[in-house]
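Down below is the structure, laid out as structure tokens.
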Amino acid sequence: MAPSDTELLEQHVDQKYEAGFITDVEAETFEPGLDEDVVRRISTLKGEPGWMLEWRLKAFRHWQTLEEPTWANIKYEPVDYQAISYYSAPKSKKDGPKSLDEVDPEILRTYEKLGIPLQEQQILAGIAVDAVFDSVSVATTFRDKLAEAGVIFCPISEAIREHPELVKKYLGTVVPYSDNFFAALNSAVFSDGSFVYVPKGVRCPMELSTYFRINAQNTGQFERTLIIAEEGSYVSYLEGCTAPMRDENQLHAAVVELHADAEAQIKYSTVQNWYPGDPETGVGGIFNFVTKRGLAAGRRSKISWTQVETGSSITWKYPSCILKGDESVGEFYSVALSKGRQQADTGTKMIHVGKNTTSTIVSKGISAGHGQNTYRGAVRILSGAENARNFSQCDSMLIGDQCGAHTFPYIDVQSPSAQMEHEASTSKIGEDQVFYCNQRGIETEDAVSMIVNGFCKEVFNELPMEFAVEARKLLEISLEGSVG
Amino acid sequence: MSLLEIRNLHAQVEEQEILKGVDLVVNKGEIHAIMGPNGSGKSTLAQVLAGKEEYEVTEGEILYKGRDLLEMAPEERAREGIFMAFQYPVEIPGVSNVYFLKAALNAIRTHRGLEEMDAMDFLVYVREKMKVVKMDEALLNRPVNEGFSGGEKKRNEIFHMSVLDPVLAVLDETDSGLDIDALKIVADGVNSLRSEERAFLVITHYQRLLNYIVPDVVHVLIDGRIVRTGGKDLALELEDKGYAWLEEPLGAAETVSA
């Protein structure tokens, strides 16, 4: 007789435990507070080797010497770092909702609108394991395919145990813990994240998504991701999800490091819709303070960042590229929406080091309600970067008259043979445009969506297809009610 | 039942009264011309029919297909078959002409209980319509009106009209800024849509357009009121004499039947 769904699932879960995951499944949550002891306890709970603990401690000690930066164009209540708990037990599914009936109807409504299939809705809502069998088995086949290609894709905590040589070699090489306040904090207390390694010449057979990291519990807080693409390889990684995510941990300070060797390409796409806080007061939303950087180390390597940021109370991040290899390419495509009381200070840094390097920046900022959107971009062309080329376009769109859009482009060119192009535009969705659409039979909300989608088209075209479809829907939903 | 009945319409914008008691009846199959000097309220009338918020109706009523038009939102009026060719068509960057029209047509079709057209069918349908206004296919994929010349914008309006198949088409000074050739193309487009099931309100400052789009009825709007109604010869009379001869006996509006 064929095993029942539950039996198959139990078998799979047992396998997980064999691989050593048991150390992650601890029924413990730390009291608030951060000191060396907390760092040690985190490392112990994760079963980390000594060198990892040492690294964390160095980062922590360095963090203690730093002052929180205040130069960004954002306002927020100071974070009390001693009032945060730095390790939470993975939510036991037993404590979660038993069925979708117990889930906040607002959240369900959004899932419906985003067209999320029922089973995925259940996973997102944290419903007990036996209801999500299909997704688990899909994930298993997924991992087999990757193993065949030699691609490693696992939680970083697993990589630290199973592939220490790789982690040691690359961790902190693109974002050293000394880089900035939040990177130091993250390096000390990071909870989990993705580790991806693509061997020489391998084109990763499928798009990697955080969704398939089975161990993705409570990783939002201090996520650490490391992606390594060896010579001639290709990988496309998708982070995030369009469904609105709540988290009792308010501060999300993630670090993402990408390393691309010669002729290798890493495409990193993000769709972020963390809880933005109360639309009137902004209270309770997530602070998304992220350090993301890619090193295009080898000749003709390429790193592309594509992001659609619609959530979080505050988004503060500059996915950047260091174009070290000759002829390397860096790209940044971004749509950032700020509405209600959201604030975004986001952009990119393109640092041209090698010769004949190229960078492209396309940033679309949309402000609505009382949202404040700031683009901050830096293009630095070092003296050895002969024939560097950069194209930057930052466009802002204002919806309504209570919001703001700001642009701070920094351009530092040290090479006389560099070519730079910078374009910027600001537009409003005019009432006249909306009325024109109305007069053609299109209602206002659809008109606004259409116009905003047209505005964001260039960026959406860079997203992997299903992500693009979801991102468009997400933008539509996020803009609901912003045009009075 | 008349298609459109306007009774004692008073409308203001920015606290200033522009329409001061307009009466008008339009039936299916008819072409009405509305002429008048600058500031007479011609465009205001068009905007009120289209439903622009800034134009406040202070008195009177408008019945469209027997329904209270003023109760209907602009997009509902459009879906019920009212089309306005704008005097100053706006640009919509990032949204292609063809995508925009497909969205509009499908919104109207859905309202009428018809199935939406998919991209393929729509393209076939639209290509036919393009011939009518001698529209260059290249303009299909450009963002709506972006970078279009004045003439191209006006022709695009007529193109939209032919695609959306309205019941009542209001042309707000469609001829302004057009040279003779463009004018002829626009007029051909309008004439090709004449039908027993459709009515046109052609708002124009100059008589010239009416050589090509021959009206059934001509109304003269002066200072917010229709002071004279006549046949197509009234337009010629105006060309000859100007508006001044009608501006004197205000308040004593004579109506000469067509």
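Every read-out reported here was derived from the displayed coordinates using simple, explicitly stated rules and does not represent laboratory data. All values derive from a computational prediction rather than experimental measurement. Please note: Cβ atoms are built from the backbone with ideal geometry, for glycine as well, and neighbour counts cover all protein chains shown.
Taken over the alpha carbons of the protein assembly as shown as equal point scatterers, the Debye sum produces base-10 log I(q)/I(0) values at 0.05, 0.10 Å⁻¹ of -0.35, -1.00.
For the peptides A:467-473, A:227-233, the ranking by packing is A:227-233, A:467-473, with the highest mean count of neighbouring Cβ atoms within 10 Å listed first. Near A:GLN307, the amide H atoms lying under 5 Å from its own belong to A:THR270, A:TYR333, A:SER334, A:VAL335; only residues 5 or more places off or on other chains count, and H is placed 1.01 Å from N.
Taking the DSSP bridge list for the stretch A:150-479 and keeping only pairs wholly inside it, about 5 percent are antiparallel.
If you run the Gaussian network model on chain B, springs between alpha carbon atoms under 10 Å, then out of B:ASP181, B:ASP223, B:ASP23 the most flexible one is B:ASP181.
The label point for A:GLU386 and the one for B:HIS111, both projected 7 Å from the Cα toward the Cβ, are 6.4 nm apart. Each 10 Å bin from zero holds the following percent of Cα-Cα pairs in the stretch A:150-479: 6, 26, 35, 23, 8, 1, 0.
Positive end of the charge dipole of the stretch B:104-257 (Lys, Arg +1 and Asp, Glu -1 on Cβ, about the Cα centre): tell me which of B:ALA182, B:LEU238, B:HIS111 has its Cα farthest that way. Most positive-ward Cα: B:HIS111.
Here the dipole of the stretch A:318-358 is about 220 debye; that uses its Cα centre as origin and unit charges on the Cβ of Lys and Arg (positive) and Asp and Glu (negative).
The stretch A:440-458 and the stretch B:212-249 have Cα centres spaced 41 Å apart. When shorter helices are ignored and each DSSP H run of at least 4 residues is given -39500 (n - 2.57), the per-residue value for the protein assembly as shown at 222 nm works out to -9000 deg cm²/dmol.
Cβ-to-Cβ counts within 10 Å put A:LYS339, B:LYS28, A:LYS349 in ascending order as B:LYS28, A:LYS349, A:LYS339, the fewest first.
Counting neighbouring Cβ atoms within 10 Å and putting the fewest first, the residues A:THR270, A:THR70 line up as A:THR70, A:THR270. Along the stretch A:309-319 the Karplus relation, 6.51 cos²θ - 1.76 cosθ + 1.60 evaluated at θ = phi - 60°, assigns HN-Hα couplings of 10, 10, x, 6, 6, 9, 10, 9, 6, 9, x Hz to successive residues, with x for each Gly and Pro. In whole percent, what relative contact order does the stretch B:1-70 give with Cα contacts below 8 Å and a gap of six or more residues? Contact order relative to length: 44 percent. The HN-Hα couplings worked out from phi for the stretch A:291-298 by the Karplus form 6.51 cos²θ - 1.76 cosθ + 1.60 (θ = phi - 60°) are 10, 10, 8, x, 10, 8, 6, x Hz, whole numbers, x standing for Gly and Pro. Backbone amide hydrogens, once placed in the peptide plane, bring B:ARG228 within less than 5 Å of B:VAL220, excluding anything fewer than 5 places away on its chain.
Summing charges over neighbours of A:VAL151, with a neighbour being any other residue whose Cβ is under 13 Å away from its Cβ, gives 0 when K and R count +1 and D and E count -1. Here the Karplus relation 6.51 cos²θ - 1.76 cosθ + 1.60, evaluated at θ = phi - 60°, turns the backbone of the stretch B:17-32 into coupling constants of 6, 9, 9, 10, x, 9, 10, 7, 10, 10, 10, 4, x, 9, 10, 10 Hz, with x for every Gly and Pro. Taking other C-beta atoms within 10 angstrom as a stand-in for reagent exposure, A:PHE60, A:PHE332 fall in the order A:PHE60, A:PHE332, fewest first.
In this structure the amide hydrogen of A:GLY285, modeled in the peptide plane, comes within under 5 Å of the amide hydrogens of A:GLY277, A:ASP278, none closer than 5 places in sequence on its chain.
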